[in-house]
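**Student:** Structure below; questions to follow.
The values are calculated or read from the model by the stated rules, or taken from the named source; none is laboratory data. Keep in mind that what you see is a predicted model, and the values were worked out from it rather than measured. Neighbour counts run over all protein chains shown; Cβ positions are idealised from the backbone, glycine included. Ligands, DNA and RNA are stripped out before the accessible areas are found, and what is left, the full protein with its side chains, is counted by its heavy atoms. Shrake-Rupley method; radii C 1.70, N 1.55, O 1.52, S 1.80 Å.
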Amino acid sequence: MKQNKVVISGGGLVGSLAACYFAKRGWIVEVYEKRPDPRDPDNVGKRNHRSINLAISTRGLSSINRLSPDVEKKVMDIVLPMYGRMIHGLDGSTSAQAYSILGKAINSVDRGILNEILLDQCETFEGTKVFFQHSLEHCDMDAKTATFKNIVTGEDVFTSADLIIGADGAHSPTRKFLQYYTKVNIEQKYIDHGYMELEMKAKDGNFAMDKEHLHIWPRKTFMLIALPNLDKSFTCTLFMPWSKFESIKTEEDLNEFFEEYFPDSIPLFGQESINEFFTNPKGALFYVKCTPHHYKSNAVIVGDAAHCTVPFYAQGMNCGFEDIETLDTLLCEQAAPLIDSKDPVACQNIKTSSLTPEQIEAALIKYTGCRPRDSASMIDLAMYNYIEMRHSVNTFSYKARLWLEGK
Ligand code: FAD
């Protein structure tokens, strides 16, 4: 029986989850990742210029559970649950707002460790290879071939597959190739705000603030947020208009800014961490909506490659994970039409590695039929939630609503 092969461009969060799923379903898997192996001791701790930690919610966890409850457990062992928001007022006061009356939480997770768990997992499958420091150069979506440049040797590596998956992030090269082969409608928008991360170190060996909340300093047109880390530090992210970033030029400007807007955070940060403002990278924020996500049975884009969002709904990765769960469900439906393809237990042993191109295409048509619409809604919610997080959470009417809801 023929064994299909998948080539995945990008071994970030979504690419590595996709590799695990396809390997589990019996495919030969090749992952090509531009960066060096994050598990190599020489590379540990290097910033990847996205966020250091991020919130994983039920949507993302469900996708990991379908892959394997054991992997979900490994992930749950490294998360810190956040049961609500902690709002920091201008006067230094704090007030908690629960996310749920049922005590549910979203979870802070280290991006690097999560990526490593998924990379380790995909490499447990025979027939899976991950090539680091290989960057996608060319993709022929009719011939189902791709060329990657080995960044270390400069050599071109040619490969072919039954399916090519683009999981290569917000500036996805695969998305650009897809446009040569099919009519892709794309909407891209940069917002006028950027972000920067600052580290709030552990204080006397403990968390400097309550670790069970996502902390927010809402200041109407901008905000600072903080998520806890396993080493008892917080990663704090300042989201604000570029003009505001540019107006802070000296240490004096910076200290005045913190004294005016985040006075309670000053002793928690310490001057050294506050001064990281001048050295840490600033990131742009934009969204991309596009459709279709696939070309014939030959290629498909997932994760940020398919739908990059502003981060205010904390659903970018979660939604990318849901892409993979959805794709797997649709492929299982083709392989075993009589089984409930949404039921992870019923699908546990299904193999999709000998599906025909017609069956793969049928699944990809359905994938494009739902994911662009769903991710566009998530992007709209994220755009709205920036206003909620930086302003509405502090308004009387919002607090009254929470009180009425019993939160
Ligand atoms: P990426 O993580 O960008 O991975 C893409 C990979 O492709 C990278 O490893 C890259 O090196 C590789 N690559 C790129 N080009 C090539 C090439 N030419 N060849 C080979 N490989 C290539 N999401 C949440 O769910 N919750 C959150 O709380 C959250 N917080 C966020 C906070 C911030 C500040 C930001 C910026 C984003 C946040 N997100 C959050 C969104 C989340 O980071 C992304 O949705 C997620 O990283 C997408 O994963 P991905 O694998 O699709 O893309």
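**Student:** Residues in segment 274-285: is at least one within 16 Å of the ligand (Cβ to nearest atom), open to solvent by less than 50 Å² (accessible area, probe 1.4 Å) and touching a Phe, Trp or Tyr at 6+ places or on another chain (Cβ under 7 Å)?
**Tutor:** Among the residues of segment 274-285, at least one is within 16 Å of the ligand (Cβ to nearest atom), open to solvent by less than 50 Å² (accessible area, probe 1.4 Å) and touching a Phe, Trp or Tyr at 6+ places or on another chain (Cβ under 7 Å), which makes the answer yes.
**Student:** Follow-up question, since we're still on this one. How many of the residues in segment 198-216 are within 20 Å of the chain's Cα centre (by Cα) and either open to solvent by 80 Å² or more (accessible area, probe 1.4 Å) or free of Cβ contacts under 8 Å to residues at least 40 places away in the same chain (or both)?
**Tutor:** The total comes to 0.
**Student:** Shifting gears a bit: In segment 121-146, which residues are within 13 Å of the ligand (Cβ to nearest atom), over 23 Å from the mean Cα position of the chain (by Cα) and either in contact (Cβ under 8 Å) with a residue 40 or more places away in the chain or surrounded by 15 or more Cβ atoms within 10 Å (Cβ to Cβ) (or both)?
**Tutor:** If the condition is that a residue be within 13 Å of the ligand (Cβ to nearest atom), over 23 Å from the mean Cα position of the chain (by Cα) and either in contact (Cβ under 8 Å) with a residue 40 or more places away in the chain or surrounded by 15 or more Cβ atoms within 10 Å (Cβ to Cβ) (or both), then C139, A146 are the ones that fit.
Yes or no, residue by residue, for (1) at pLDDT below 95; (2) over 18 Å from L54 (Cβ atoms); (3) open to solvent by 60 Å² or more (accessible area, probe 1.4 Å); (4) among the aromatic types (F, W, Y):
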position	(1), (2), (3), (4)
P337	no, yes, yes, no
D343	no, yes, no, no
R373	no, yes, yes, no
I379	no, no, no, no
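**Student:** Check whether at least one residue in segment 202-217 is basic (K, R) and under 22 Å from L54 (Cα atoms), and report yes or no.
**Tutor:** yes
A quick yes/no check of all residues on (1) closer than 30 Å to L163 by Cα; (2) touching an Asp or Glu at 6+ places or on another chain (Cβ under 8 Å):
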{"residue": "F257", "(1), (2)": "no, no"}
{"residue": "D264", "(1), (2)": "no, no"}
{"residue": "I274", "(1), (2)": "no, no"}
{"residue": "C290", "(1), (2)": "yes, yes"}
{"residue": "Y295", "(1), (2)": "yes, no"}
{"residue": "A299", "(1), (2)": "yes, no"}
{"residue": "G303", "(1), (2)": "yes, yes"}
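**Student:** A further question on this structure: In segment 217-229, which residue that is in contact with a Leu (Cβ under 9 Å, 6 or more places away or on another chain) and part of a loop (DSSP other than H, G, I, E, B) is nearest to S273 (Cα to Cα)?
**Tutor:** N229
**Student:** Within segment 62-82, which residues are part of a helix (DSSP H, G or I), open to solvent by less than 30 Å² (accessible area, probe 1.4 Å) and closer than 18 Å to L119 by Cβ?
**Tutor:** Passing the criteria: S63, I64, L67, V71, V75.
**Student:** From the list S62, S68, S51, S57, which residue is under 13 Å from the mean Cα position of the chain (by Cα) and at pLDDT 95 or above?
**Tutor:** When all the criteria are applied, what remains is S57.
**Student:** While we're looking at this one, here's another question. Hey, does segment 163-180 have a residue that's modelled with pLDDT of 95 or more, on the phi > 0 side of the Ramachandran plot and either touching a helix residue (DSSP H, G or I) at 6+ places or on another chain (Cβ under 8 Å) or among the hydroxyl-bearing types (S, T, Y) (or both)?
**Tutor:** yes
**Student:** Taking segment 299-331 on its own, how many of its residues are open to solvent by 20 Å² or more (accessible area, probe 1.4 Å), more than 7 Å from the ligand (Cβ to nearest atom) and at pLDDT below 95?
**Tutor:** 1
**Student:** Here is a further query. Step by step: first the residues of segment 147-175, then only those that are part of a loop (DSSP other than H, G, I, E, B) and within 19 Å of H294 (Cα to Cα), then the one that is most open to solvent (accessible area, probe 1.4 Å). Which residue is that?
**Tutor:** H171
**Student:** Mind checking which residues of segment 230-275 are assigned to a loop (DSSP other than H, G, I, E, B) and of a type in the set (A, V, I, L, M, F, W, C)?
**Tutor:** L230, I248, F262
**Student:** Do we find a residue being modelled with pLDDT under 95 and touching a strand residue (DSSP E or B) at 6+ places or on another chain (Cβ under 8 Å) anywhere in segment 282-291?
**Tutor:** No: zero hits.
**Student:** Separate question: Of all residues in segment 89-112, how many are among the hydrophobic types (A, V, I, L, M, F, W, C) and either open to solvent by 60 Å² or more (accessible area, probe 1.4 Å) or part of a loop (DSSP other than H, G, I, E, B) (or both)?
**Tutor:** Residues in segment 89-112 being among the hydrophobic types (A, V, I, L, M, F, W, C) and either open to solvent by 60 Å² or more (accessible area, probe 1.4 Å) or part of a loop (DSSP other than H, G, I, E, B) (or both): 5 in total.
**Student:** Among the residues that make up segment 356-365, is at least one of them of a type in the set (D, E), open to solvent by less than 60 Å² (accessible area, probe 1.4 Å) and more than 16 Å from the ligand (Cβ to nearest atom)?
**Tutor:** Within segment 356-365, none of the residues are of a type in the set (D, E), open to solvent by less than 60 Å² (accessible area, probe 1.4 Å) and more than 16 Å from the ligand (Cβ to nearest atom).
**Student:** For segment 177-197, which positions are buried (at least 16 other Cβ atoms within 10 Å of the Cβ) and either among the charged types (D, E, K, R) or under 15 Å from H307 (Cβ atoms) (or both)?
**Tutor:** L178, V184, E197
**Student:** Return the pairs, sorted by first residue and then second, in which the second residue is open to solvent by 80 Å² or more (accessible area, probe 1.4 Å) and of a type outside the set (A, V, I, L, M, F, W, C), the first residue lies in segment 379-392 and is more than 17 Å from K289 (Cβ to Cβ) and part of a helix (DSSP H, G or I), the beta carbons are less than 9 Å apart, and the residues are 6+ apart or on different chains.
**Tutor:** Once the first residue is more than 17 Å from K289 (Cβ to Cβ) and part of a helix (DSSP H, G or I) and sits in segment 379-392, its partners that are open to solvent by 80 Å² or more (accessible area, probe 1.4 Å) and of a type outside the set (A, V, I, L, M, F, W, C) give R390/K220.
**Student:** Next question. Quick one: count up the residues across segment 1-38 that are more than 19 Å from the chain's Cα centre (by Cα) and more than 11 Å from the ligand (Cβ to nearest atom).
**Tutor:** Summing the residues that are more than 19 Å from the chain's Cα centre (by Cα) and more than 11 Å from the ligand (Cβ to nearest atom) in segment 1-38 gives 15.
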